[in-house]
Amino acid sequence: MADVPGDLLYTEEHEYLKKTGEAGVYQVGITDYAQGELGDVVYVELPSVGDKFARMDVFGTVEAVKAVSDLYCPVSGEIVEVNASLADDPARVNSDPYGTGWMLKIRMSDESELDALLGPEEYRKQIG
Amino acid sequence: MSDWRLIMGPGTTDDDLAAGGALNMAVDEALLRSVERGSRPSLRFYTWSPACLSLGRNQHARGVYDPGRAAAAGIDIVRRPTGGLAVLHDRELTYSVAAPLAPFGGPRAAYAAINRALLEGLREAGIPAEQAAAGRSRGPVRDSAEPCFHAPAPGEVVARGLKLVGSAQRCEHGAFLQHGSILLAGSQSRVGELLGTGTAQPGPTTSITLQDLLGSEPPPAPLIRALGAGFERLFGTRLAPDRLTRDESATVQRLALRYAGGDWTWRR
């Protein structure tokens, strides 16, 4: 059974959004369900700090075994940090998706977009 | 599942299988985009002329492969939209599938299902193929000069324990593209001849061809019929011969420019 933490928000495309200590800044990664579906992650392509994205823009790709999948930005905003350690150890996405396998931190430009994300119960229902 | 489209070659004629690398990748991506917009799944068969080295989407190529050596050998280079590692497309048959992900259950399930359909078809053609055993997949792709056919990944199609079909996949917007190379003859070790002088040669490839198995290089037409029958049986579908629509042809023209450009091929 995939881990769906109760304090996060989710997208239908299996990204999660997690609050950081800084107001308006959220951590983004893919869910435990998504990493399980993909299999062993071998490469993560991430944007640069300062890049700006609108909600559901493609911000990068994740490659697992031989499958490349797009990564979608859950909310609009500016990238303030990316997890550079994934370049050397992409398997962290599998072993600790909500912790050391995080992908980026984004400063939201419109926090009302949080309302469009799925809560943990809704996301659990989606992944059945 | 509903009827699938059967597309041959560049999708503009019924019997010409061959096209250049950029056009081949553009047609595959255009078929994926059609499925994303609600079109029926497609199964496509094609070959490559001239011979072409295809690189995985995220594979390092700059400073690894030598475009001068490739040009001198008459081999084109293109970067695929899918993952995985380098494949030399010469004396082989390529298949591609574009379909919605949901009926398959996810990327890995789709990968396994397509491989089962290929197996079904190869056995129909009298080829003793099987699926590679589960195991650890390879490590990070970014520094690897290893060709795709260096080693089978779990679930891939092998014969006598050696890799016969090398496949790769891309997923986006609820649809997937999976394409792969079925080796008819020749040797994938020629990939090593295209490496730059500063790149260490990978070890010997562990691939096998249909010529190795059957004693002679099989013509593509009966093989395509057998593979098609495998897909029809496994997925309970019927393959309907089809060509690209006018919209798809326009998309192909646009995408082919990108695939032919150095910005994409040498992006990493």
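Among residues other than A:Asp115 whose Cβ falls under 14 Å from its Cβ, what is the net charge (Lys/Arg +1, Asp/Glu -1)? Once positives and negatives cancel, what remains is -3. Legend: calculated FRET efficiency, A:Arg124 to B:Thr197, from the Cβ-Cβ distance at R0 = 45 Å, rounded to 0.05, equals 0.25.
Of all lysines in the structure, the ones whose alpha carbon falls short of 18 Å from that of A:Lys105, not counting any fewer than 8 places away in one chain, are A:Lys18, A:Lys19, A:Lys52.
For segment B:226-268, which chymotrypsin sites (Phe, Trp or Tyr not before Pro) pass both filters: DSSP loop (anything but H, G, I, E, B) and at most 15 other C-beta atoms within 10 Å? Hits after loop and neighbour filter: B:Trp266.
Near A:Gln35, once Lys and Arg are set to +1 and Asp and Glu to -1 for all other residues with Cβ below 12 Å from its Cβ, the sum equals -4. Taking θ as phi - 60° and the Karplus parameters 6.51, -1.76 and 1.60, the scalar couplings of segment A:48-54 work out to 9, 4, x, 5, 10, 9, 8 Hz in sequence order, x denoting glycine and proline.
Counting charges near B:Asp3 (Lys, Arg +1; Asp, Glu -1) among other residues having Cβ under 10 Å from its Cβ returns a value of +1. The calculated 222 nm mean residue ellipticity attributable to helices in the protein assembly as shown amounts to -7500 deg cm²/dmol, summing -39500 (n - 2.57) over DSSP H runs of n ≥ 4 and dividing by all residues.
So if R0 is 25 Å, what FRET efficiency would B:Trp266 and A:Glu78 give, r being the distance between their Cβ atoms, rounded to the nearest 0.05? Efficiency at R0 = 25 Å is approximately 0.30.
List the lysines whose Cα sits under 17 Å from the Cα of A:Lys66, skipping any in the same chain fewer than 8 residues away. Within the straight-line limit of under 17 Å, A:Lys66 reaches these lysines: B:Lys163. Normalising the Debye intensity of chain B to I(0), with uniform scatterers on Cα atoms only, and taking log10 at q = 0.08, 0.11, 0.15, 0.17 Å⁻¹ returns -0.28, -0.55, -1.10, -1.46.
Residues in segment B:158-163 carry Karplus couplings, in order, of 10, 9, 6, x, 10, 6 Hz; the curve used is 6.51 cos²θ - 1.76 cosθ + 1.60 with θ = phi - 60°, and Gly or Pro positions show x. Rounded to the nearest 0.05, the FRET efficiency derived from the C-beta distance between B:Asp15 and A:Lys52 at R0 = 45 Å is 0.40. When each of A:Lys125, A:Lys52, A:Lys105 is scored by the number of other beta-carbon atoms lying within 10 Å, the sequence from fewest to most is A:Lys125, A:Lys52, A:Lys105.
Using only the Cα atoms of segment B:9-163, build the gyration tensor, take square roots of its eigenvalues as a ≥ b ≥ c, and label the shape rounded, prolate or oblate: rounded if a/c is under 1.5, else prolate if a/b is larger than b/c, else oblate. Note, shape of segment B:9-163 comes out rounded.
Scalar couplings 3J(HN,Hα) for segment B:231-243, obtained by applying the Karplus form with A = 6.51, B = -1.76, C = 1.60 to θ = phi - 60°, are 5, 4, 5, 5, 9, x, 10, 10, 8, 10, x, 8, 10 Hz; x denotes Gly and Pro. Over chain B, Cα pairs under 8 Å with separation of 6+ residues give a relative contact order of 28 percent. Given a cut-off of under 8 Å on Cα pairs at least six residues apart, what relative contact order in percent is computed for chain A? Computed value for chain A: 31 percent relative contact order.
Based on the Kirkwood radius over alpha-carbon pairs, what is the Stokes-Einstein translational diffusion coefficient of chain A at 4 °C with 1.567 mPa s viscosity, in µm²/s? Please report the intermediate quantities before stating the final value.
Details: Rh = 14.4 Å.
Using the Kirkwood radius from Cα pairs, D works out to 90 µm²/s.
Peptide B:169-178 shows a mean partner chain C-beta count of 4 within 10 Å per residue C-beta. Think of the protein assembly as shown as having a plus end and a minus end, set by charges on the Cβ of Lys, Arg, Asp and Glu; of B:Ile75, A:Leu46, B:Met25, B:Ile75 sits farthest toward the positive end of this dipole.
Values quoted throughout were computed directly from the atomic coordinates according to the rules given, and no laboratory measurement underlies them. Keep in mind it's a predicted model, so treat the numbers as computed, not measured. A quick note on method: Cβ atoms are made from the backbone with ideal geometry, for glycine too, and the neighbour counts reach across all protein chains shown.
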